[in-house]
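Below is one structure, written out as structure tokens; comments come after it.
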Amino acid sequence: ADHFTERQFSGDFAEGLVVVSPDAGRAKLANHFAEKLGARLAVLAKQRPDHNEAEITFLIGDVDGKAALLIDDMIDTAGTLCAGAAVVKKAGATKVLAAATHGILSGKAYDRLAESVIEEIVVTDTIPVEDGSAGGKIQVLSVDRILADTIHNVFCDESVSEIFAGESAEIWTERLTA
């Protein structure tokens, strides 16, 4: 969230920002992220006709004329992400970005991302990913400070939730280990 907040302040999203959940199951996380950024929320509805295959059925929310940020806990084969990005772009988003905690990136993920309408993919270094891969679209952010602060606070018997701006440590632990 800090990464995208800084980008907002630098004017990267002058047209406005909409955080997009890839499915109803991630809507709560996406809504929390949108609130942190002062952005609106949109949700994609999907069906899975086959294993590791996603079909986006519709978009709930308005992305027209806005920058869209698809957010999820992980990117595996990137099928759902790329299908969702295409729907969002077709619905009028000026640019499409994606962010996930874990960049698993298996199978044809790198190729799909490189060929997709997504301009930038931001993941953390919880799983090794080559920075700038997928046609130069992937940016890797480090979680080193969060982990170091957490270890320090546990060792010193201090509050871990303070690290996460007073939010429940349980929520963040779930997000980082999802």
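The values are calculated or read from the model by the stated rules, or taken from the named source; none is laboratory data. Please read all numbers here as calculations on a predicted model, not as lab measurements. Positions of Cβ are backbone-derived with ideal geometry, glycine not excepted, and every protein chain shown enters the neighbour counts. Just so you know, the surface numbers come from the protein's heavy atoms only, side chains and all, with ligands and any DNA or RNA stripped out. Shrake-Rupley method; radii C 1.70, N 1.55, O 1.52, S 1.80 Å.
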Surface accessible to a 1.4 Å probe, residue 72 within the full protein complex, Å²: 40 Å²
Accessible-area ranking of 141, 105, largest first, probe 1.4 Å: 141, 105
Spin-label pair residue 10/residue 131, simplified geometry with 7 Å Cα→Cβ offset, distance in nm: 1.3 nm
Residue among 94, 57, 124 with the largest mean-square fluctuation in a Gaussian network model of the chain, springs linking Cα atoms under 10 Å: 57
Helical mean residue ellipticity (222 nm; -39500 (n - 2.57) per DSSP H run of 4+; nearest 500) of the chain: -10000 deg cm²/dmol
Solvent exposure, largest accessible area first (probe 1.4 Å, DNA, RNA and ligands not counted), of 112, 48, 26: 48, 112, 26
Inter-site label distance for residue 117 and residue 149 at 7 Å from Cα along Cβ, in nm: 3.6 nm
Relative contact order %, the chain, counting alpha carbon pairs below 8 Å whose residues are six or more apart: 14 percent
Protein-only accessible surface order, largest first, of 51, 3, 152, 102 at 1.4 Å: 51, 152, 3, 102
Accessible surface of residue 150 - all protein chains present, 1.4 Å probe, nearest 10 Å²: 40 Å²
Over 23 Å (Cα to Cα) - which of 28/137; 66/108; 28/66 fall in this group: 28/137; 66/108
Tail fraction, Cα-Cα pairs, the range 1-116, threshold 18 Å, whole percent: 46 percent
